[in-house]
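The values are calculated or read from the model by the stated rules, or taken from the named source; none is laboratory data. This one's a predicted model, so the numbers in the text were calculated from it and none came from an experiment. With ideal geometry, Cβ positions are generated from the backbone for all residues, glycine too; neighbour counts draw on all protein chains shown. Surface accessibility is based on the protein's heavy atoms, side chains included, excluding ligands, DNA and RNA. Shrake-Rupley method; radii C 1.70, N 1.55, O 1.52, S 1.80 Å.
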Amino acid sequence: MRSNILRLSHVFALTILLSAAAFAQPLTVRQIMAEPSIAGMRASGVSVSPDGTKAAFYWNAAGQPRRDLYIVPTAGGAPQKILSYSDLPAIPRPPQRPNPLDYGVAVRDEFNEAREGQLGGISWSPDSQKLIFSHGGDIFLMTLSDRSLRRLTNTQPPEMGARILKDGRIFFVQSGNAFIMDTAEMSITQVNRQGGQPTGPNVSAGFVNLNDQGTRASYVVSDTSKYRTLVVPNFVPEFVQAQNIRRGWAEQKLFIAETGANRLTAHEIKLPAHEGVSSFRRSTWTPDGAHLLVDRLDRDTKRRQLFYVRNAGTSDEKVILVTEETDDKWQAALSNIFEPHPTDPNKLFFASERDGYSHLYLATVDPEAGTTDIRQLTNGNWQVEWARWTNAGQILYSSTEAGYTGRELYLLDPASGRKAMLESPEKGMKDNFTLSENQGEQVVLFEHSKWNQPGDVYAQRVCSPCSKPNVPVRLTNTVPKEFMARKWQVPQFIEIDSSDGKKIPAKIYLPAGFDKRKKYPMAIFVHGAGYLQNVINGWNNYYREFMFNQILTDRGYVVLDIDYRGSAGYGRDWRTDVHDFLGGKDYDDHIDSIDHMVANYAVDPTKVGVYGGSYGGFMAGMLVMRAPDKIAAAAALRSVFDWKNYYATNPGYTAQRLGFPDKNAEAYKRSSPITYADQLERPLLILHGMVDDNVHVQDSVQLIEKLIRLGKTKHFEAMMYPSESHAFVRPESWADEYERILWFFERHVERR
């Protein structure tokens, strides 16, 4: 018996050693890009019940694309799968005609099929006893008590945005029109009719917003006649197909409609005339359902106006300007934060960067005088990024107050100004917030993550002071144990002095056994979007790059990741310092950071590579062309190489930063890497998805043609991905792309 125990103990010890050895093995690109991901799958569609006792979410335990529906008590406990994807009816597909020429590339293969008909759009009934969701474009209703399932629609056009109103009716949108379904009477009421195109092929309705009572709806009608058609060809099918996508500036009008049966007459809200290009960002009703708050941008994105429309849609309608703010560069997305008071229809809070950082302000409207009193509620060199009223009249908000690498929740009393941070025993990133609607003590759900720990869902009571300890309760556990057991290189969070006297937030990874007496190659990762934050103690969209950076450190690289000028999280001036010159101060931040790393972290100045996608690819192109003395090689993924092209696909983003091409041609020229193509002296790897409808493949094609004409053949390589759009989806494409980057760095950085 004892010998058997000894034998078993040796087996267990050997197993542990083998497991440890497996985790100690360097990662490969194929491993980090594989599906299912070694980091697991995050819960999606997270929704808290109105009574605050339950949370619903989608997840697949095996990490497969088709997710199942789960319920978990917010007080804690194991999540319970209440519906499997396989329990739902199959999505009908047109019959496939036999084709003897079926060799070659399959347009619709198993990978595509596994992603069709995903579950989406969880909405709770007011009594927290039912859920609705969509599957294959149709609406389904589940009763939790007996898990019975009822299909509410079965149509060819998909239904979207379905939710259960407080009176039990169901709201949804189909083909640009809004409808309300009464399941008891089996009747459907149409709210608007612009989506049916009776007013013209370029007119559509959207942004439909019902009041809490479900009796009135506001919506925006857009005339897109002046849009430009963007042709995105697909070369994978037997015959080349072209998807025509229309982008540009729309003329918009705001309407209100009653939702009673057969009430299709609409009332237009007459706001003061806009100036220049304009757009409605958001509207919301006051809780009494009588008044409407409307947020509008105009003056070519430089002015924000927040209106209070008293008695909207009636003969007593009165438009009151709550706040008007102008920025000679552009208005922040965070100024879109605003919300009416839960009980006082004449009060609201809104966010503004008027003092340099996004902060909350309380506005009290005098409807008779048509004036507004405004008082600042938060202040400091940090920013508010999410906020909601509680039913008790306090404000729950998330901010960078405790440090820009994480986010914390605070509860603020507007009357006294007192605030308190909700208990937070473990630091990191908190985001994706949702607040329960119940009276009394509410519950907030959020996702919490750290730099090496993917996000899981937590619940926390909203109280201050609290009658008992208020530690967040973990609701999901989605990270594989194997991932958590793996040893990752710990990033150092530092700040680098810029040449104009500011501090550049940075995150660096050093190879194991780092020795300042040696010299190391360095890889710079440039995050995308421009306005995005990546120097965080949290998990984010760049988790593949996080793991790729681990591969680079395993190969002896120092890795640098900075939040250059224009990045989110650091206030108005940092955000707008790129205005009129993309590749100006953000470019300088990278040059300053390279010099800092060479001087302080044993980086070999002749062995610096850079890679990034989208805006990150743009910056990689700028660096390799304009700084051959700093950059040995660059990999540019799905990159903007000419900003006038991106203006055609995303005019709002581009005009904010560079104005209009015909009015500010010089800014577009100096901001576009293609302008500097003749200066390319170092190796450049160009990678792009051919069905990219965000940054069109045209950018890479045009740069390739220019480089050919300039005789730069020995300085560049290119690879196009026929099935991929801006965000790659196939693991084979991800792996191919990053293996090419690794081999490219090996040839042109490591061995240089």
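Go through Gly289, Trp382, Asn664 and say which Cα lies farthest out towards the positive end of the charge dipole of the chain; charges sit on Cβ, +1 for Lys and Arg, -1 for Asp and Glu.
Trp382
Rolling a 1.4 Å sphere over the protein heavy atoms, what is the accessible area per residue of segment 471-615, to the nearest Å²?
Numbers: 5030 Å² over 145 residues.
Value for segment 471-615: 35 Å² per residue.
How big is segment 141-281 along each principal axis, measuring the range of its Cα positions in Å and listing the largest first?
Largest to smallest, the principal-axis extents are 51, 49, 25 Å.
Karplus couplings for segment 157-169 from phi (6.51 cos²θ - 1.76 cosθ + 1.60, θ = phi - 60°), rounded to Hz, Gly and Pro as x?
Couplings: x, x, 9, 10, x, 5, 8, 8, 7, 5, 8, x, 6 Hz.
Work out how far the C-alpha atoms of segment 458-531 reach from end to end along every principal axis, then list the three figures in whole Å, largest first.
55, 39, 28
How do 63-73, 444-454 rank on mean C-beta neighbours within 10 Å, highest first? Provide the component values of the computation, followed by the final result.
Values: 63-73: 18.8, 444-454: 21.1.
For the peptides 63-73, 444-454, the packing ranking is 444-454, 63-73.
So how exposed is Leu532, as accessible area in Å² (1.4 Å probe, rounded to 10)?
Accessible area, nearest 10 Å²: 40 Å².
Thr183 to Lys644: FRET efficiency via 1/(1 + (r/R0)^6), r the Cβ-Cβ distance, R0 41 Å, to the nearest 0.05?
Details: r = 51 Å, r/R0 = 1.25.
Computed FRET efficiency for Thr183 and Lys644 comes out at 0.20.
Report the full-extension gain for the segment Asn311 to Arg747: residue separation times 0.36 nm, less the Cα-Cα distance, to one decimal in nm.
On the way: separation 436, 0.36 × 436 = 156.96 nm, distance 6.85 nm.
Value of the extension gain: 150.1 nm.
Find how many whole Å separate the alpha carbon centroid of segment 590-632 from the alpha carbon centroid of segment 120-139.
49 Å
Could you work out the local net charge near Arg407, counting Lys and Arg as +1, Asp and Glu as -1, over the other residues with Cβ closer than 11 Å to its Cβ? Walk me through the numbers before you get to the answer.
Details: positive: Lys427, Lys430; negative: Glu385, Glu401, Glu408, Asp431, Glu447.
Charge balance in the 11 Å sphere: -3.
Rounded to the nearest 0.05, what FRET efficiency do Gln702 and Arg354 give with R0 = 51 Å and r taken as the Cβ-Cβ distance? Could you check?
Working: r = 41 Å, r/R0 = 0.80.
Efficiency for this residue pair is about 0.80.
Would you mind checking which residues have amide H under 5 Å from Leu475's amide H? H placed 1.01 Å from N; only 5 or more apart, or other chain.
HN-HN under 5 Å from Leu475: Val457, Tyr458, Ala459.
Of the listed pairs Lys302/Lys503; Lys54/Lys427; Lys81/Lys468; Lys502/Lys585, which have alpha-carbon separations greater than 21 Å here?
Details: Lys302/Lys503 27 Å; Lys54/Lys427 25 Å; Lys81/Lys468 31 Å; Lys502/Lys585 11 Å.
Cα-Cα > 21 Å for Lys302/Lys503; Lys54/Lys427; Lys81/Lys468; rest within.
If we sort 311-323, 501-513 on the protection proxy, mean other Cβ atoms within 10 Å, highest first, what's the order?
Numbers: 311-323: 15.8, 501-513: 17.3.
The most tightly packed comes first, giving 501-513, 311-323.
Using the Karplus curve 6.51 cos²θ - 1.76 cosθ + 1.60 with θ = phi - 60°, what ³J(HN,Hα) values do you get for each residue of segment 457-465, in whole Hz, with x for Gly and Pro?
Coupling constants for segment 457-465: 8, 10, 10, 8, 5, 9, 7, 6, x Hz.
What is the local net charge at Phe618, summed over the other residues whose Cβ is closer than 11 Å to its Cβ (Lys, Arg +1; Asp, Glu -1)? Write out the running numbers ahead of the final one.
Values: positive: Arg638; negative: Asp586, Asp642, Asp699.
Computed value for this residue: -2.
Specify the inter-centroid distance of segment 44-114 and segment 716-735, based on alpha-carbon positions, in whole Å.
Cα centres, segment 44-114 to segment 716-735: 25 Å.
Using the 2.2 N^0.38 Å rule of thumb for compact globular proteins, work out how segment 504-560 stacks up: its C-alpha Rg over that value, please. Kindly include the intermediate steps, with their values, before the conclusion.
Values: Rg = 12.1 Å, N = 57, 2.2 N^0.38 = 10.2 Å.
Ratio of Cα Rg to 2.2 N^0.38 Å: 1.19.
Per the Kirkwood treatment, what hydrodynamic radius in Å, one decimal, follows for segment 91-162 from the mean inverse distance over all distinct Cα pairs?
On the way: mean 1/r = 0.0681 Å⁻¹.
14.7 Å is the Kirkwood radius here.
Per DSSP H run of at least 4 residues, take -39500 (n - 2.57); add these up for the chain, divide by its residues and hand me the 222 nm value, nearest 500 deg cm²/dmol. Walk me through the numbers before you get to the answer.
Details: 13 runs with 130 residues, N = 752.
Roughly -5000 deg cm²/dmol at 222 nm, from the helical runs in the chain.
Determine the shape class of segment 505-642: with a ≥ b ≥ c the square roots of the Cα gyration tensor eigenvalues, call it rounded for a/c under 1.5, and otherwise prolate if a/b is greater than b/c, oblate otherwise. Walk me through the intermediate numbers first.
Values: a/c = 1.61, a/b = 1.38, b/c = 1.16.
Prolate is the answer for segment 505-642, as a/c is 1.5 or above and a/b outweighs b/c.
I'm a student and want to see the number: the projected area of the Cα convex hull of the chain, averaged over all directions, in nm².
So the mean shadow area of the Cα hull is 39.1 nm².
Taking 0.36 nm per residue of sequence separation and subtracting the Cα-Cα distance, how much length would be gained by fully extending the chain between Lys714 and Ile38, in nm to one decimal?
239.6 nm
Using a simple spin-label model with points 7 Å from Cα along the Cα→Cβ vector, what separation in nm is obtained for Val236 and Gln118?
1.6 nm
Do any trypsin sites (Lys or Arg not before Pro) in segment 204-257 lie in a DSSP loop with no more than 14 other beta carbon atoms within 10 Å, and if so, which? Don't skip to the end; give the middle numbers.
On the way: sites: Arg216, Lys226, Arg228, Arg246, Arg247, Lys253; in loops: Lys226.
Passing sites in segment 204-257 are Lys226.
Can you give the net charge of the other residues whose Cβ lies under 10 Å from the Cβ of Leu27, counting K and R as +1 and D and E as -1? Don't skip to the answer; put the middle values down first.
Numbers: positive: Arg30, Arg486; negative: Asp554.
That works out to +1.
Once phi is turned into θ = phi - 60°, what whole-Hz ³J(HN,Hα) does the Karplus curve with 6.51, -1.76 and 1.60 give for every residue of segment 74-89, x standing for Gly and Pro?
Using θ = phi - 60°, the values come out as 6, 7, x, x, 6, x, 10, 6, 10, 7, 8, 4, 5, 6, 8, x Hz.
Considering only DSSP beta bridges whose two residues both sit in the chain, what percent are antiparallel, to the nearest 5? Don't jump to the answer; show the numbers that get you there.
Numbers: 136 of 161 bridges.
Of all bridge pairs located within the chain, approximately 85 percent are antiparallel.
Given C-alpha coordinates of segment 429-561, what is the ratio Rg to Rh with the Kirkwood estimate of Rh? Numbers along the way, then the final one.
Values: Rg = 18.9 Å, Rh = 17.6 Å.
Rg/Rh for segment 429-561 comes to 1.08.
Would you mind pulling out the separation of the Cα centroids of segment 150-189 and segment 494-571, in Å?
Answer, in whole Å: 47.
Just need log10 I(q)/I(0) for segment 357-483 at q = 0.14 Å⁻¹, Debye formula, equal scatterers on the alpha-carbon atoms, no solvent, rounded to two decimals.
-0.67
What full-extension length gain, to one decimal in nm, is calculated for Phe111 and Asp595 as 0.36 nm per residue of separation minus the Cα-Cα distance? Walk me through the numbers on the way to the answer.
Values: separation 484, 0.36 × 484 = 174.24 nm, distance 4.49 nm.
Once the chain is fully extended between Phe111 and Asp595, it gains 169.8 nm.
Using a 1.4 Å probe on the protein heavy atoms, what percent of the accessible area of the chain belongs to carbon and sulfur? Write down the numbers at each step before the final one.
Details: 16740 of 32830 Å².
About 51 percent, which is the carbon plus sulfur part of the accessible surface.
As an exercise, use a Förster radius of 56 Å and the Cβ-Cβ distance of Asp573 and Ala512 to find the FRET efficiency, rounded to the nearest 0.05.
Values: r = 38 Å, r/R0 = 0.68.
Computed FRET efficiency for Asp573 and Ala512: 0.90.
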